[in-house]
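Worksheet: one structure, shown below.
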Amino acid sequence: MAVTTMVGAKIHRREDPKLITGHGSYVDDMQLIGMVHMAVVRSAQAHAKIVSVDLTAASKAPGVVAVYTARDFKKVISGGLPVTESLIADKKQTPNQFPIAESEAVYFGEPIAVVLAESRYQAADCAELVQVEYESLPVLVDFEKALEKGSPTAHTGAPDNVAWDVNFNGGDLEAAFKESEVTVKERIIQQRVFPISMEPRAVLANYVPFGNQLTVWTSSQVPHFIRLFLCIGLGMPESQIRVVAPDVGGGFGSKLRPYPEEYLAAAASKLSGRPVKWIEGRTENLQATSHGRGHIFDIEVGAKRDGTLLALKITMLSDLGAYIGVFGALQSSLAMLLSPGCYKWKAVHGRAIGVLTNKMSTDPYRGAGRPEAAHLVERAVDLVAQELKLDPADVRAKNFAEDFPFTSILGMVYDSGEYQKSLDKAKEIVGYKALRQKQADLRKQGKYLGIGLSTYVEICGVGPSAATAHVSGSLALVESSVVRVHPTGSVTVAVGTHSHGQGHATTFAQIAADALGLPYANIEIREGDTGDTPFGYGSYGSRSLPVGGVSINRSCQKVVDKAKKIAAHMLEAADEDVVFDQGQFYVKGSPDKRKAMGEVAFAAYGPGLPEGMEQGLEAVTYFDPPNFTWPFGAHICVVEVDPETGEVDIQKYVAVDDCGNIINPMIVDGQIHGGVAQGIGQALFEEAVHDPETGALRTGTLLDYSIPGIGEIPNLQLDRTITPSPTNELGVKGVGEAGTIAASAAVINAIVDALSPFGIKHVDMPASPDRLWKQIKQAREHSNGGKEARK
Amino acid sequence: MKHKVATTVNGHKHEHEVEPRLLLVHYLRDVVGLTGTHIGCDTSQCGSCTILVDGKAVKSCTMFAVQAEGRQLTTIEGMAKDGELHPLQQAFWDEHGLQCGYCTPGFIMAAAYLLDQNPNPTEDEIRKGLEGNLCRCTGYVNIVKSVQSAAKAMDGAKAKTSERSAAVGRS
């Protein structure tokens, strides 16, 4: 009998038919009887005392049901939003955030009042009628200035604006610099960006008054987290709260934390006795959904003349916003811990300073600290190569970590890798040697071709509790699964992750089908509903597969173990003599007499089981991985820059990625495509801009903030190497963020490479035509000035 | 004051009384009850709400419901016929042209109009034709492939139909 192996096969996604026909179920697609619409009145100032909130006109608006301010919410919400403050040991201060401002607004867009009305248009009208009187306070936009002595503070009465100041040191930095023959310094800016999932956030909360039961549908990557924190905030037992994340229209990290509106909608339902729906507009999304990145890195690199990397000193300032993001500190930690990249260093010292400002919080955005790390170290390597006039590919080759497991200078243990192999493959695909020749020829014609390399490594599969518990406020970032084989052989797999575009319903079923030896069609994946899934930590950090998927595999193994005992009993054999092979149990040496998993499943619920065995065929696993996983790869971007306009034309983009073993190659490729597009977006187009005086958002709509369109992303050439992870039995590493982590450095390195004849050594993001044109003009004036001076 | 509006949506006639300011997209979603058309921005940038109005691709957040009086509207729910996916839907599925699926209905509708106007578009023409739609998941690589593959399938289907009618003509 031919048995197809599902793992590794290109299976078309089972979630697609409903999504391509308009039958998806996102939060705004649901309506409840008696439902009211919530609109949020937001601060029009980035920092102000709230003198008064006049609700008179709003309370009389047509269709109004209720108008609430902080005073009302204090009756039903206790405490503030969670912050994983202890992520950073040397924390200085953690401002407490109540979901709605009462006396002081500290960022543009902070909730000040909430209105409920019978229709969404009426709610919007009513919100307009709420009159807020402000008394302006000093606004902190520039986070470097916020560190100056005597700077005003983001919060009235705070001692300063430092949230943390912590060191990550490995090796003897002084000695490593002493040994260095060249040093280069650079300032690298990681601009603030918006995550922008196409579906903005959305909440529908239904509190049943006399039953003390609350159901919250929310567009979230982490339904179990949301329930955990809502139960704390609302003072309700978890057993009384059900959180459901239905179809989620993208997240990219921006939906992995509880938000004020989840508390406010739930509390408003409790206060009003009506189901409450809140749908975020895009303008609100840009104001009040977490932002990404937002750092300044000052780096100093020491190397030998032959390109051997020795020393890296980093100072990282992070623009945290007014409140520390729920995982704000995690990004800083990851950026520091991964800053050595895939290279051997003698010393890396990093100092991370978290700075409070009057802006929305920064929190994880696809990669969360790792794109920052990859960008800085990949720029650092290129700076060294440029200084020494060496080929950047050769400098990389000279310094790659080779023996695995490899302990980085910062003490992280990289599980497996073959960095040179992926770089060689990428070079071969792009035609590296010929391209370098072409570049030299084109330069003679006044054309500026640039080739940018990015050989990244990332830290995924968050994470082993031993490594994360002390930095996550005692959260063990394990992942859970329940595998239940029903009597007729169909299977329900419930898992604590939640897909928001990654295709778990397909890939997890592929894993379970193989592990159980049952047809793929028999396997149903349940995710996103705390009512029927075990407590889980959700989907982010490329963890769903290497933690959640492995958990499923282990639950399946437990089921097989029990099934084997039942099969042995049916075959009248000893347990240890029974073999399980592709869904069939048989006694070693007599494969003709066999019991299929389906038959065993039916027997598992019937009489006559082995003595002492209970009925049923199900298992639960909480998988706590022994290490992180370490995907890696090599991306090469080829650009031509027009020096007269500053325009960048991406002519080729090659990505060779290694995420360990692959469950579904089609989905892996899709993840890389999207990730690279987001990295290109940050490199070339995107920047969240606040008015330097008022702190108001200047890029407040998709008119002013440009995410890449279909004309701006080239066709990407993908390939891969496969280096299985020894961290888990599936050998998988995760792939959700790889593209983004690699891409911005590849693009910027290509642009700098193109412009190096002008003496340009670094370009910040976004490398807009305007920025490049100015930089080229300046470089030309500088070199002309030099010539004239020599005359 | 409410206004009467009569439309045909996916071949079904509808008559409602609506506020004059009601956007067509909200009419489709909240009044008619077809939630496949999505809203992804406030400023008509994202194209998630694209539908066909009298066969032409329109961002349904740029029209009032009352402006649709007497018009033929086609939404994503009207694309599959008799349990058969539209070739574009099939192609998006086959080519992994979607991930979270939120922008997908808008892309499929915009692509339907594109292929109606230009049955054999080049890659550049596809990219030009769909520049009014945004996707944050796919990097557009497989969206382009999906439209190419649908164009091929629809062309093939047309060829078959004309062969058949030619055959019918001969008999």
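Any read-out appearing in this document is the output of simple, stated calculations on the displayed coordinates, not a laboratory observation. What you see is a predicted model, and the numbers here were worked out from it, not measured in a lab. With ideal geometry, Cβ positions are generated from the backbone for all residues, glycine too; neighbour counts draw on all protein chains shown.
Structure above, values below:
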read-out: Average projection area in nm² (convex hull over Cα atoms of the range A:678-763, one quarter of hull surface); value: 9.8 nm²
read-out: Label-point separation, A:Val182 to A:Ala440 (7 Å along Cα→Cβ), nm; value: 1.8 nm
read-out: Viscosity 1.306 mPa s, 10 °C: Kirkwood-radius Stokes-Einstein D of the range B:3-78 over Cα pairs, µm²/s; value: 133 µm²/s
read-out: For residues of A:704-712, the mean tally of beta carbons on other chains within 10 Å; value: 6
read-out: ³J(HN,Hα) computed for each position of the range A:319-324 - Karplus, 6.51 cos²θ - 1.76 cosθ + 1.60, integer Hz, glycine/proline x; value: 8, 7, x, 6, 10, 5
read-out: Neighbour-count order for A:His12, A:His782, fewest beta carbons within 10 angstrom listed first; value: A:His782, A:His12
read-out: Hydrodynamic radius (Kirkwood) for the range A:567-615, which is based on Cα pairs only, to one decimal in Å; value: 11.0 Å
read-out: Hits among lysines - C-alpha to C-alpha of A:Lys777 under 17 Å, sequence gap 8 or more where chains match; value: A:Lys447, A:Lys761, A:Lys787
read-out: Protection proxy ranking of A:642-652, B:72-82 - average other beta-carbon atoms within 10 Å, highest first; value: B:72-82, A:642-652
read-out: Karplus (6.51, -1.76, 1.60) ³J(HN,Hα), θ = phi - 60°, over the range A:566-573, in Hz, Gly and Pro reported as x; value: 5, 4, 4, 4, 5, 8, 6, 10
read-out: Rotationally averaged projected area of the range A:479-623 (alpha carbon convex hull; nm²); value: 8.6 nm²
read-out: In order through the range A:209-226: 3J(HN,Hα) via Karplus (6.51 cos²θ - 1.76 cosθ + 1.60), integer Hz, x for Gly, Pro; value: x, 7, x, 6, 10, 10, 10, 10, 9, 9, 7, 9, 8, 9, x, 5, 4, 4
read-out: Across A:Lys145/A:Lys185; A:Lys185/A:Lys425; A:Lys270/B:Lys2, pairs whose alpha-carbon gap is larger than 29 Å; value: A:Lys185/A:Lys425; A:Lys270/B:Lys2
read-out: Nitroxide proxy distance, nm - points 7 Å out along Cα→Cβ at B:Gln67 and B:Met1; value: 2.0 nm
read-out: Percentage, to the nearest whole number, of Cα pairs in the protein assembly as shown over 41 Å apart; value: 41 percent
read-out: Antiparallel bridges, percent of DSSP beta bridges restricted to the protein assembly as shown (to nearest 5); value: 80 percent
read-out: Taking the convex hull of Cα positions in the range B:87-165, its mean projected area over all directions (nm²); value: 4.9 nm²
read-out: Sequence-distant residues sharing a close amide H with A:Val457 (under 5 Å, placed H); value: A:Cys342
read-out: Percent of Cα pairs exceeding the 20 Å cut-off, where the set is the range A:224-378; value: 59 percent
read-out: Within 10 Å of each Cβ in A:676-683, the average number of Cβ atoms from other chains; value: 2
read-out: Computed helical MRE - 222 nm, the protein assembly as shown, DSSP H runs ≥ 4 contributing -39500 (n - 2.57), nearest 500; value: -9500 deg cm²/dmol
read-out: Percent RCO, i.e. relative contact order, over the range B:87-165, from Cα pairs under 8 Å lying at least 6 residues apart; value: 47 percent
read-out: Chain B: DSSP helices with Cα axial extent of at least 30 Å and average Kyte-Doolittle hydropathy no lower than 1.0; value: none
read-out: Fewest-first sequence of B:Lys4, A:Lys344 by Cβ atoms within 10 Å of each Cβ; value: B:Lys4, A:Lys344
read-out: Alpha-carbon centroids, the range A:601-677 and the range A:176-216: separation in whole Å; value: 21 Å
read-out: Beta bridge orientation in the range A:462-605: antiparallel %, DSSP, nearest 5; value: 75 percent
read-out: Sequence-distant residues sharing a close amide H with B:Leu23 (under 5 Å, placed H); value: B:Ala65
read-out: Sites A:Leu147 and A:Arg71 - FRET efficiency at Förster radius 41 Å, r taken between beta-carbons, to 0.05; value: 0.70
read-out: Residue order, fewest to most surrounding Cβ atoms within 10 angstrom, among A:His635, A:His375; value: A:His375, A:His635
